[in-house]
Amino acid sequence: MTTSEWTRHLRPALAGLDVYDIEPVPVKARLAANELAEPWPMEVVQEVGKRVAQLELNRYPDTSGRKLRALLAQRHAVDPEAVVLGCGSDELIGFLLTALGGRPSEPSFIVVPTPTFQMYGHAARCRGIGVLEVPLTEELELDETLMHEALGVATGAALCFLARPNNPTSSLWDSAVIERLIAQHPATVFVLDEAYISYSPGATLWRQGLPDNVVYMSTLSKIGLAALRIGYLVAPPALRRPLNVVRNPYNVSATSQAIAELVLTKFDGVQKAMLTRSLAARQKLVGLLEKIPKAKVFPAHANFAVVRLDPAGEATRVAEALAQRGILVKDASAMPRLAGCLRVGVGTNAELDLLAKALVEVIPGYPAT
Ligand SMILES: Cc1ncc(COP(=O)(O)O)c(C=O)c1O
């Protein structure tokens, strides 16, 4: 096959990067996607239907989602101008990298602990931005010394992404370490990604007056609204304009804006109840995993738990055997620091009952009661 001449213009890094794509398959328990598994009650679904029916489909939505930004700003007691919406926080990660990663005279790099949410590194590499990965400790905590070293390489990192709680480890990193990193590297923008903070009540690092090198980021995806694809961030003053320059207008659909506004104003209580049920389900999940002979369950602070199986090869075998039974979990064993590990999402009660039954079949010595 001949190669078209234009291909020499492709960014070289793209050839080595994976396409994130998951074939939709019918499953009985979906425990690999870090969603809120609890379904919305019919009363809410009906109200959403009515709201969507009122939309003018021939019109563009608000360019930046003003109403929704105002709602989120109120929750954080900040100026609505500080809030930027994205098509998921995935898109916001892209805005941050585009805005902060491009000085031709000085190749930019970012620092990320590893393992962490893969889109940080992926989105940077797509843009030709370097990625310095700093391994977590064996206990899946931040390695403060190594983080300081990495952040200070050359003229310093442009950005550092810190997910707290972290995906895929479910760990909640020491806030004092994070505060010190932020204070000692004022020339780096730290993104505090609290996508899973609803699963660690009381642990948020959000406060008014965060240092001016901090972006606070979160998403509606983990609190029952993944289908909407809405992430948001609170930016320090000097970053607001640059982020809006790189953001496409109308980047959040009218449907998503309208549904989010409705749910956040009218169904806050329902949402809280769903999250409370999910927290109870997490305890049940941890209990199920702890019964696996010779397994180590790491502390779970997000809506999933990490378990290390023994011997290490077991993780892949068990993930495959569960998949054959229609139960999807994430085989994390190829990730740094997670040899032998599975990441298992907090499902509904019914999904966890299926998991319990399957574990008895799949794992020798798993107690039947
Ligand atoms: C830590 C973290 N941040 C952000 C995201 C992306 O969320 P969104 O659905 O808003 O793009 C994820 C998704 O899994 C995540 O794990």
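The values are calculated or read from the model by the stated rules, or taken from the named source; none is laboratory data. Note that the structure is predicted; figures quoted are calculated from it, not measured. Here the Cβ positions follow ideal geometry from the backbone for every residue, glycine too, while neighbour counts run over all protein chains shown. The protein model used for the area step is the full one, side chains on, heavy atoms only, and it has no ligands, DNA or RNA in it. Shrake-Rupley method; radii C 1.70, N 1.55, O 1.52, S 1.80 Å.
Can you spot a residue in region 159-169 that is open to solvent by 10 Å² or more (accessible area, probe 1.4 Å) and more than 20 Å from residue 275 (Cβ to Cβ)? Steps first, answer last, please.
Restricting attention to region 159-169, the residues satisfying the condition of being open to solvent by 10 Å² or more (accessible area, probe 1.4 Å) are 164, 167.
With more than 20 Å from residue 275 (Cβ to Cβ) added as a condition, the list becomes none.
There is no residue in region 159-169 that is open to solvent by 10 Å² or more (accessible area, probe 1.4 Å) and more than 20 Å from residue 275 (Cβ to Cβ).
For region 21-38, which residues satisfy the criterion of being more than 16 Å from the ligand (Cβ to nearest atom), of a type outside the set (Asp, Glu) and surrounded by 10 or more Cβ atoms within 10 Å (Cβ to Cβ)?
27, 28, 29
Restrict the check to region 83-97 and report whether at least one residue is more than 15 Å from the ligand (Cβ to nearest atom), touching a helix residue (DSSP H, G or I) at 6+ places or on another chain (Cβ under 8 Å) and not aromatic (Phe, Trp, Tyr).
Looking for residues that are more than 15 Å from the ligand (Cβ to nearest atom), touching a helix residue (DSSP H, G or I) at 6+ places or on another chain (Cβ under 8 Å) and not aromatic (Phe, Trp, Tyr), one finds none in region 83-97, hence no.
Within region 39-57, track down each residue that is more than 17 Å from residue 227 (Cα to Cα) and loosely packed, with under 15 Cβ neighbours inside 10 Å. It would help to see each step written out before you state the result.
Filtering region 39-57 for residues more than 17 Å from residue 227 (Cα to Cα) gives 43, 50, 53-57.
Within region 39-57, 43, 50, 53, 54, 56, 57 meet the criteria.
Could you tell me whether any residue of region 66-75 is part of a loop (DSSP other than H, G, I, E, B) and within 16 Å of the ligand (Cβ to nearest atom)? First the steps, then the outcome.
Taking region 66-75 and keeping what is part of a loop (DSSP other than H, G, I, E, B), we get none.
No: region 66-75 contains no residue that is part of a loop (DSSP other than H, G, I, E, B) and within 16 Å of the ligand (Cβ to nearest atom).
Give 18, 90 a once-over and let me know the one that is open to solvent by 10 Å² or more (accessible area, probe 1.4 Å), out of contact with any Leu (no Cβ under 8 Å at 6 or more places or on another chain), closer than 21 Å to residue 245 by Cα and acidic (Asp, Glu).
Numbers: 18 fails: closer than 21 Å to residue 245 by Cα.
When all the criteria are applied, what remains is 90.
Out of the strands (runs of 3 or more DSSP E) lying entirely within region 143-240, which hold 3 or more residues that are within 15 Å of the chain's Cα centre (by Cα), within 14 Å of the ligand (Cβ to nearest atom) and closer than 17 Å to residue 78 by Cα? It would help to see each step written out before you state the result.
Values: elements: 159-163, 189-193, 214-219, 230-234.
The strands (runs of 3 or more DSSP E) meeting that bar are 214-219, 230-234.
How many residues, within region 117-137, are assigned to a loop (DSSP other than H, G, I, E, B) and out of contact with any Pro (no Cβ under 9 Å at 6 or more places or on another chain)? Talk me through it step by step, then tell me what you get.
In the first step, residues of region 117-137 are kept if they are assigned to a loop (DSSP other than H, G, I, E, B); the result is 117, 127-129, 136-137.
The next check asks that each one be out of contact with any Pro (no Cβ under 9 Å at 6 or more places or on another chain); those that pass are 127, 137.
Residues meeting the conditions: 2.
Just give me the residues in region 259-305 being more than 16 Å from residue 47 (Cβ to Cβ), open to solvent by 30 Å² or more (accessible area, probe 1.4 Å) and touching a residue at least 60 places away in the same chain (Cβ under 8 Å), in sequence order.
Correct list: 277, 279, 282, 284, 291, 293, 299, 301.
Go through region 97-116 residue by residue and tally those that are closer than 21 Å to residue 172 by Cα and either open to solvent by 10 Å² or more (accessible area, probe 1.4 Å) or not in a strand (DSSP E or B) (or both).
Qualifying residue count, region 97-116: 3.
Does residue 25 qualify as being closer than 30 Å to residue 325 by Cβ, outside the structural domain of residue 262 (by TED's automatic domain parsing) and assigned to a helix (DSSP H, G or I)? Walk me through it before giving the result.
Values: closer than 30 Å to residue 325 by Cβ: yes; outside the structural domain of residue 262 (by TED's automatic domain parsing): yes; assigned to a helix (DSSP H, G or I): no.
No.
Quick one: in region 103-123, of everything that is of a type in the set (Ser, Thr, Tyr) and touching a strand residue (DSSP E or B) at 6+ places or on another chain (Cβ under 6 Å), which residue is nearest to residue 160 (Cα to Cα)? Spell out the reasoning first.
Residues of region 103-123 that are of a type in the set (Ser, Thr, Tyr), as a first pass: 105, 108, 114, 116, 120.
Narrowing further to those that are touching a strand residue (DSSP E or B) at 6+ places or on another chain (Cβ under 6 Å): 114, 116, 120.
On the way: 114: 12, 116: 12, 120: 9 Å.
Selected residue: 120.
Please go through region 308-348 and give me each residue that is assigned to a helix (DSSP H, G or I) and surrounded by fewer than 14 Cβ atoms within 10 Å (Cβ to Cβ), ordered by number. Spell out how you get there, then give the answer.
First, the residues of region 308-348 that are assigned to a helix (DSSP H, G or I): 314-324.
Hits for region 308-348 are 320, 324.
Kindly establish whether residue 333 is of a type in the set (S, T, N, Q) and farther than 21 Å from residue 364 by Cβ.
It is false that residue 333 is of a type in the set (S, T, N, Q) and farther than 21 Å from residue 364 by Cβ.
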